[in-house]
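Undergrad: Before anything else, here's the structure in question.
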Amino acid sequence: MAKWGMVIDLEKCTGCQACSTACQMENNRLPGENYQDVLYYTEGRQPTPTLKWFPRPCMHCEEPSCMHVCPTKATYKTEDGVVLIDWDKCIGCKYCMIACPYGVRFYTDEKPLIEPNIKQVFKGDGDLSWNPPYKGPQQDPKHGVGIQPNGVVSKCNFCYHKISKAPKGTPDLDESNPELVEYVPACVRTCAPKARYFGDLDNPNSQVSRLISDKQGTRLLDHTGNKPQVYYVSGGGAASGAVPGTRSNKKA
Amino acid sequence: MATQTQGSGGAVSAVLMAGLAGLVVSLGIAFFNLLSGGHSAFNTGSDGVSWGLPVVNYVFFALTSTGLTLVASVAMTFGNKAWYPIAKRCVWLSLVTLVAGFASLALELGHPFRMLWAIPLNAQLVSPLNWMGIFYAVFLVLGILKFLRIHNGDWNSSTSKQIGLAALVTELLAGGMLGMAFGAMAMRPMWYGNLVPLYFILTAACTGAAFAVLVTCLSYDSEETMPAQVRTLMRGPLPTAFAGLLGITILVIGYRTVIGLWSNADGLQVWDAIVASPWYWIEAALLIGAFFLLLQRKALALASVMVIGGFFIDRYDFVIGGQLAPLFKGSWVPDLIAYTPSTTEWMLTLLAFSIAFLGWALGEKLLKLDAAPQD
Ligand code: SF4
Ligand code: SF4
């Protein structure tokens, strides 16, 4: 079994948010509730502050605290290392949102971020939170894929509807390989400067494994012990991105 | 079976009417808002506070239930007979306060009915929430059984005592698990710590004692009309024990605050905001004021209302405060999240208080809550 993971090269990332947009379309997300987001923060003081950015999907942790706290096992980890939510079991207690150190989970029954309320404009059928004008064909509540129903929590699923169909034993899901492109997560496939890599962390010869060892991949907030399966690499130069050390966005 | 003389019951009737009115108003407004807007009627949010005031209500009342069971156990489990005259009242109140807490929680959950099958069928053994649910559910059954026993005059049979002991143990485990639900969250330093279960049980005992004293005062028109045993208890052992407990708790709260202010750990900056808020100082004034009233055994009803108010603020600061330093959200989320509960959320607070007091007043009218064993 593969252990799917992602590598994000902060030196290549331009902060363009194409990944977030692709994710929004692929996963029928409401504005402001992107599974994948690029966070912006300022470092340094006047007169030389710099704007930094940091792309952040769900980390699909090896030790996911969100899963450990979930009283109904609605949040679970698949054999291939992906953390998913079974929307049919989720009771909307939001304990997982409390327990995730990375703040990547969404409860959708909230005040809208922008007006008009998109959920009112495109009213959802039955239990679904809304009815996007463009929607992906897949609706798989057991794997937290599709339009989010009311009263449950959602998050990035590594585009499980795509990666789970990849041929077994594939070391890397590389969008430049025409045979694999349909299995590549939307954010990886769309990233113009190719800052994202997706592959099998358990395979020492996969590109993700090699990048992590060659470029000394680091993980966000490693002290939490959650052991993300998303790694960040960077050239370390002054201009390149860095993994923020604290969770707060205090302007330094 | 000694059924002691009660006062005219004027206060009980007034509480009953107020509780009924509160129930109707809060349910009416909460249901209207929830049915029309769902949980967007709350001011909670994925980029803000996930557990809002309804969870504060739940924690407050669930722990009060634990505290009331502790107070009842002084006579029923630990054999201090002087405490018998309030034991039945405390057992009843521990049940209605738990129902009050559950009511607020049920209206907060995305799928309260799904919970009824999803937790038992899929129980996640490493989730504190799972165990908390199990222990409170088991307590509800044991508490009802115990109440039925004493209601039928069976205070001292070994079965009755065993049920009482089991109820006490499950309540302590439940309150402790609720503490663990927060205390295990290493990613939220404001909550994290292995002594949080102890803190919860200690503060639970304080709110339990406050409710016990308040409803006992309300049950009789004045101290003069109290039966002799109740008066003796209310003039001596109860306020003394309550004051001791409260004094220790005030110290603990003080140390928690100082540690929070002292430490530089990321996430603890929220303590600066808590201490800068007038509510923190109102809490301090209420609790310290109540402590001195209890020491002097004066104005017990007022002291207990002050303790209830003070600890409600404490629960609020604890539950909400732990979420105010944002996780990784980027620069469009402020350094500290601003959260004010919505009207609907306050209605759930009113609902929980109404259920607790209405439930107590009904019990007082219909269930002879002043009964105590004769020997
Ligand atoms: S990043 Fe958060 S939601 Fe994703 S697996 Fe880790 S703990 Fe769970
Ligand atoms: S909100 Fe749903 S997924 Fe999250 S902990 Fe509760 S039941 Fe589990």
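Undergrad: Excluding ligands, DNA and RNA, what is the accessible area buried between chains B and A, summed over both sides, using a 1.4 Å probe, to the nearest 100 Å²?
TA: 4200
Undergrad: Same structure, new question: Near A:D172, within a Cβ-to-Cβ distance under 15 Å, what is the net charge of the other residues, with Lys and Arg +1 and Asp and Glu -1?
TA: After counting each charged neighbour, the total is -2.
Undergrad: Could you size up the charge dipole of the protein assembly as shown around its Cα centre, putting +1 on the beta carbon of Lys and Arg and -1 on that of Asp and Glu, and report it in debye to the nearest 20?
TA: So the magnitude is around 560 debye.
Undergrad: Divide by every residue of the protein assembly as shown the summed helix terms, -39500 (n - 2.57) for each DSSP H run of at least 4, and state the resulting mean residue ellipticity at 222 nm, rounded to the nearest 500 deg cm²/dmol.
TA: Mean residue ellipticity at 222 nm (helix-derived): -16000 deg cm²/dmol.
Undergrad: Once you sort the root eigenvalues of the Cα gyration tensor of the protein assembly as shown as a ≥ b ≥ c, which label holds: rounded (a/c under 1.5), prolate (a/b larger than b/c) or oblate (the other case)?
TA: The shape class here is prolate.
Undergrad: Can you give the accessible area of A:W87 in Å² (nearest 10), computed on protein heavy atoms with a 1.4 Å probe?
TA: The value for A:W87 is about 0 Å².
Undergrad: If you don't mind, another one. Express in nm, to one decimal, how much length is gained between B:N264 and B:F32 on full extension, taking 0.36 nm for each residue of separation and deducting their alpha carbon distance.
TA: Answer, rounded to one decimal: 79.1 nm.
Undergrad: Given B:V215, B:G19, B:M180, which one lies farthest toward the positive end of the charge dipole of the range B:16-366, if we put +1 on the Cβ of every Lys and Arg and -1 on the Cβ of every Asp and Glu?
TA: B:V215
Undergrad: Using only the heavy atoms of the protein chains and a 1.4 Å probe, how would A:L84, B:L172 rank by accessible area, largest first?
TA: B:L172, A:L84
Undergrad: How big is the dipole moment of the range A:64-119 about its Cα centre under a simple scheme where the beta carbon of each Lys and Arg is +1, that of each Asp and Glu is -1, and everything else is neutral? Debye, nearest 20, please.
TA: It works out to roughly 160 debye.
Undergrad: With a 1.4 Å probe and all protein chains in place, put A:D202, B:D370, A:D109, A:D88 in order of accessible area, largest first.
TA: A:D202, A:D88, A:D109, B:D370
Undergrad: Can I ask one more? Ordering B:T170, B:T232 from largest to smallest accessible area (1.4 angstrom probe), what's the sequence?
TA: Listed by decreasing accessible area, they come as B:T232, B:T170.
Undergrad: Oh, and also: If you take the Cα Rg of the range A:56-153 and divide it by 2.2 N^0.38 Å, with N the number of residues, what do you get?
TA: Against the compact-globule rule of thumb, the ratio is 1.11.
Undergrad: Another question, then. Report the accessible area of A:V7, computed with a 1.4 Å probe over the heavy atoms of all protein chains in place, in Å² rounded to the nearest 10.
TA: 0
Undergrad: Also, I was wondering about something else. How would the range B:5-98 be classified by its alpha-carbon gyration tensor: rounded, prolate or oblate, with rounded meaning a/c under 1.5 and the a/b versus b/c comparison settling the rest?
TA: oblate
Undergrad: Moving to a separate point now. Along the charge dipole of the range A:163-235, pointing to its positive end and built from +1/-1 on Cβ of Lys, Arg, Asp and Glu, which listed residue (A:V184, A:T170, A:P228) has its Cα farthest out?
TA: Farthest along the dipole direction, towards plus: A:P228.
Undergrad: Summarise the accessible area of the protein assembly as shown (1.4 Å probe, protein heavy atoms) by the percent that is carbon and sulfur.
TA: So the carbon and sulfur contribution to the accessible surface is 65 percent.
Undergrad: Determine the shielding of peptide B:348-361 by partner chains: average, over its residues, the number of Cβ atoms on other chains within 10 angstrom of each Cβ.
TA: 0
Undergrad: Let me ask you something else. What trypsin sites (Lys or Arg not before Pro) does the range A:150-188 have in DSSP loop regions with at most 13 other beta carbons within 10 Å?
TA: Counting only loop positions with at most 13 other Cβ atoms within 10 Å, the trypsin sites (Lys or Arg not before Pro) in the range A:150-188 are A:K165, A:K168.
Undergrad: While we're on this one: Heavy-atom accessible area of A:C16 with all protein chains present, probe 1.4 Å, nearest 10 Å²?
TA: Accessible area, nearest 10 Å²: 80 Å².
Undergrad: Once you average over the residues of B:39-48, how many Cβ atoms of partner chains fall within 10 Å of each Cβ?
TA: 6
Undergrad: May I ask you to work out the translational diffusion coefficient for the range A:1-67 at 37 °C, viscosity 0.692 mPa s, via Stokes-Einstein with Rh from the Kirkwood sum over Cα pairs, reported in whole µm²/s?
TA: 233
Undergrad: B:N152 to A:T218: FRET efficiency via 1/(1 + (r/R0)^6), r the Cβ-Cβ distance, R0 56 Å, to the nearest 0.05?
TA: Taking R0 as 56 Å, the efficiency between B:N152 and A:T218 is 0.25.
Undergrad: Put +1 on the Cβ of each Lys and Arg and -1 on the Cβ of each Asp and Glu in chain B; which of B:S160, B:A284, B:A205 then has its Cα farthest toward the positive end of the dipole?
TA: With unit charges placed on the Cβ atoms, the residue in question is B:S160.
Undergrad: Classify the range A:1-136 from the C-alpha gyration tensor, please: rounded if a/c falls under 1.5, else prolate or oblate depending on whether a/b exceeds b/c.
TA: Verdict is oblate for the range A:1-136.
Undergrad: Then there is this: Just checking the output field for B:270-278: average partner chain Cβ neighbours within 10 Å of each residue's Cβ?
TA: Mean partner shielding for this stretch: 0.
Undergrad: A further question follows. With every protein chain left in place, what is the accessible area per residue of the protein assembly as shown in square angstrom, probe 1.4 Å?
TA: 39
Undergrad: What's the magnitude of the charge dipole for the range A:163-235 around its Cα centre, counting Lys and Arg as +1 and Asp and Glu as -1 at the beta-carbon? Answer in Debye, nearest 20.
TA: 180
Undergrad: Calculate log10 I(q)/I(0) of the range A:163-235 for q = 0.20 Å⁻¹, where I(q) comes from the Debye formula with a single equal point scatterer on each Cα and nothing for solvent.
TA: Cα-only, vacuum Debye calculation for the range A:163-235: -0.91.
Undergrad: At what distance in nm do the modelled label points of B:T257 and B:V25 sit from each other, each positioned 7 Å from its Cα along Cα→Cβ?
TA: In this crude spin-label approximation the distance works out to 3.1 nm.
The values are calculated or read from the model by the stated rules, or taken from the named source; none is laboratory data. Computed from a predicted model, the values in this text were never measured in an experiment. No Cβ is skipped: glycine too gets one built from the backbone with ideal geometry, and neighbour counts run over all protein chains shown. These area figures cover heavy atoms from the full protein model, side chains too; ligands, DNA and RNA do not enter into them. Shrake-Rupley method; radii C 1.70, N 1.55, O 1.52, S 1.80 Å.
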